[in-house]
Amino acid sequence: MKKINIIFTVLSIVLLSSCEGFLDVKPSNSAPAETSITSAKDAAVVINGLMSKMASSNYYGRNFFMYGDAKGGDFAIRSQGRGLDALYVFNHSASSNSYSGFWSQMYHCILQANNLLVNIEKMETAGLGSTELSDYKGQALTARALIYFDMVRLYGKPYNMDKASYGVPLVLVPLDAAEQPTRSSVEEVYTQILKDLTDAEPLLSKSVKGGYLNYYANLAIQSRVYLTMDRFSDALSAAEEVITSPKYSLYANDKWVQSWSNEFGSESIFEIAMYLDENDLGSGSLGYYLLRLAKIKNAMGWFMASDYYLARLNEDPTDVRWGIMDYDESSNTRFGSCLKYSGVDLLGDKSSPSAVNVKVIRLSEIYLIAAEAALRQTTPDKVKASNYLNAIRKRSPGLALSTSSDVTLDMIIDEKSKELFAEGQRYFDMIRLNRSIEFNDEFIFPAVQITHRTKTIDRTFPKAILPLPVSETDANPAIKNQQNPGY
């Protein structure tokens, strides 16, 4: 059986398989690393490949977003056995439903970034550096930081809960096959994330190029990371630099719905391209998983909005965000299916319901980060908090705007749920805020019994984070005794 892990990947990693149509650079195991990437042109090809790998179904192409909403209570399921049910019912063990694809795919991406960084450093040492190469270096560092941020939240406890607990192994250079990296602490991982982001920041272009990371994407990621660390002033500072940039702007209400069928709009800070002939996931795409049963061929109605989410959205029946909702299979009136990743017309810019780009970071999220950070910093700025919240709350024209006297964290978090539905954020917000999560199990009870969790959980739940896959602990004995509690 083929083992995919961070040790064996070192031997087998190909900068990108030739069948992907992206790379013609030789694999790092079939040619000396120093000759694999020798020019800015080669580096550009590797960045293309890295972006493509991040679009995998085991990462942003599907499962990472599904994880955040299925576990966060904004999704419910109608039936079991259709796929990814374990995310909702928390049926995880080290050997079953471990979602080991997260681990292998994310480290695969990290190792590609590491290989690129090592080769760029060699070119710079040889006096062959350039502004173009510096930008690719900044993109690789920023991507590595983002991936580690995602990994440490999947496998490690929240930073503000126990930063001394196990995070994930920090692999920053190409590894020798005999090495067995152990898990760094959550704090050590976050320290490296911030180092990569700050090292990358001055290297990155401020130009907007769809499908790639730039200076403002780096700042947006910084704002996410600082918020998760409860460093609210730093989160606000990073968010405000993005908000005040003329490079991005919020959609007017009459443009918001259609934006989900379009590529690289004015709110898109980091968007991963999905193409029919390259990384289109077909019926396994995020879009298909959120369509109602039989909406189109092979759509099975895997996940739909929970009653709790719909109650929040229904605070204003005129909320523009109803425009990306559709009937689900539970009735002829319930709008629980989501069209964000299939295009509101099931076509999008590429005339395909499965090749719709994945918007990883949007400007609206940054406004809501700024609102929370302004409210929760040591000296709260409720005027800023209210203003940033209202910039997004305007999408509910029937709701009164907040004021500096009534703005609350609950209002901001509820708005974030409404705005970022199906974007993989809800669970991580609830966990870092130490809030209880209630699941809409009535959709499947009594036909299916939920046996692996209670109806309500919080971050102390034993399976609140994923187990290390048994394939990893078998291949790397050094982490065998570093398994997460509860597994």
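Quick notes on this one:
- Close contacts from region 175-187, counting a first residue that is over 12 Å from P477 (Cβ atoms) and a second that is in a loop (DSSP other than H, G, I, E, B) and of a type in the set (S, T, Y), with Cβ to Cβ under 8 Å and a gap of 6+ residues or different chains, come to S185/S165; V186/Y159; V186/S165; E187/Y159.
- Total residues in region 452-484, condition more than 17 Å from S95 (Cβ to Cβ), out of contact with any helix residue (DSSP H, G or I) (no Cβ under 7 Å at 6 or more places or on another chain), in contact (Cβ under 8 Å) with a residue 40 or more places away in the chain and assigned to a loop (DSSP other than H, G, I, E, B): 1
- Enumeration of residues in region 187-224 that are touching a helix residue (DSSP H, G or I) at 6+ places or on another chain (Cβ under 6 Å) and aliphatic (A, V, I, L, M): V189, I193, L197, A200, L203, L204, L213, L219, A220, I221
- Exclusive hit being assigned to a loop (DSSP other than H, G, I, E, B) and hydroxyl-bearing (S, T, Y), set Y289, Y190, Y275: Y275
- Hey, A400 touching a Ser or Thr at 6+ places or on another chain (Cβ under 8 Å) and surrounded by fewer than 16 Cβ atoms within 10 Å (Cβ to Cβ) or not: no
- Across region 122-177, the qualifying residues are those that are among the β-branched types (V, I, T) and surrounded by fewer than 18 Cβ atoms within 10 Å (Cβ to Cβ), and the one among them that is farthest from M54 (Cα to Cα) is T125.
- Among the residues making up region 363-402, those that are not in a helix (DSSP H, G or I) and not small (G, A, S) are Q377, T378, T379, P380, D381, K394, R395, P397, L399, L401.
- If only residues of region 258-272 that are in a loop (DSSP other than H, G, I, E, B) and in contact (Cβ under 8 Å) with a residue 60 or more places away in the chain are counted, the one that is nearest to L420 (Cα to Cα) is E267.
- Residue that is touching a Leu at 6+ places or on another chain (Cβ under 9 Å), within 30 Å of G83 (Cβ to Cβ) and among the aliphatic types (A, V, I, L, M), where the choices are I193, I221: I221
- Helices (runs of 4 or more DSSP H) fully within region 35-153 counting 2 or more residues that are closer than 29 Å to N298 by Cβ and in contact with a Gly (Cβ under 7 Å, 6 or more places away or on another chain): 63-70
Yes/no matrix, rows are residues, columns are (1) small (G, A, S); (2) more than 30 Å from R459 (Cβ to Cβ); (3) over 21 Å from the mean Cα position of the chain (by Cα):
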site: A145; (1), (2), (3): yes, no, no
site: Y159; (1), (2), (3): no, no, no
site: D196; (1), (2), (3): no, no, no
site: D199; (1), (2), (3): no, yes, yes
site: V208; (1), (2), (3): no, yes, no
site: Q222; (1), (2), (3): no, no, no
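- Residue within region 435-442 that is in contact with a strand residue (DSSP E or B) (Cβ under 6 Å, 6 or more places away or on another chain), under 21 Å from D230 (Cα atoms) and in a loop (DSSP other than H, G, I, E, B) present: yes
- Where a residue in region 138-159 is over 22 Å from D199 (Cα atoms) and touching a residue at least 60 places away in the same chain (Cβ under 8 Å) and its partner, wherever it lies, is outside any helix (DSSP H, G or I) and polar (S, T, N, Q), with Cβ under 7 Å and at least six apart: Y155/N484; G156/S165; K157/S165
- Within region 35-50, the set of residues being aliphatic (A, V, I, L, M) and touching a helix residue (DSSP H, G or I) at 6+ places or on another chain (Cβ under 8 Å) comprises I37, A40, A43, A44, V46, I47, L50.
- The criterion of at least 3 residues that are over 27 Å from C338 (Cα atoms), of a type outside the set (S, T, N, Q) and modelled with pLDDT of 95 or more is met by the following helices (runs of 4 or more DSSP H) wholly inside region 212-257: 215-228, 232-243.
- From the list S285, S306, the lone residue that is polar (S, T, N, Q), at pLDDT 95 or above and surrounded by 19 or more Cβ atoms within 10 Å (Cβ to Cβ) is S306.
Each row is one residue, and each column tells you yes or no for (1) closer than 23 Å to N357 by Cβ; (2) touching a Pro at 6+ places or on another chain (Cβ under 6 Å); (3) surrounded by fewer than 15 Cβ atoms within 10 Å (Cβ to Cβ).
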{"position": "K295", "(1), (2), (3)": "yes, no, no"}
{"position": "N298", "(1), (2), (3)": "yes, no, yes"}
{"position": "L310", "(1), (2), (3)": "no, no, no"}
{"position": "D316", "(1), (2), (3)": "no, no, no"}
{"position": "I324", "(1), (2), (3)": "yes, no, no"}
{"position": "E329", "(1), (2), (3)": "no, no, no"}
{"position": "Y341", "(1), (2), (3)": "yes, no, no"}
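The values are calculated or read from the model by the stated rules, or taken from the named source; none is laboratory data. Computed from a predicted model, the values in this text were never measured in an experiment. A quick note on method: Cβ atoms are made from the backbone with ideal geometry, for glycine too, and the neighbour counts reach across all protein chains shown.
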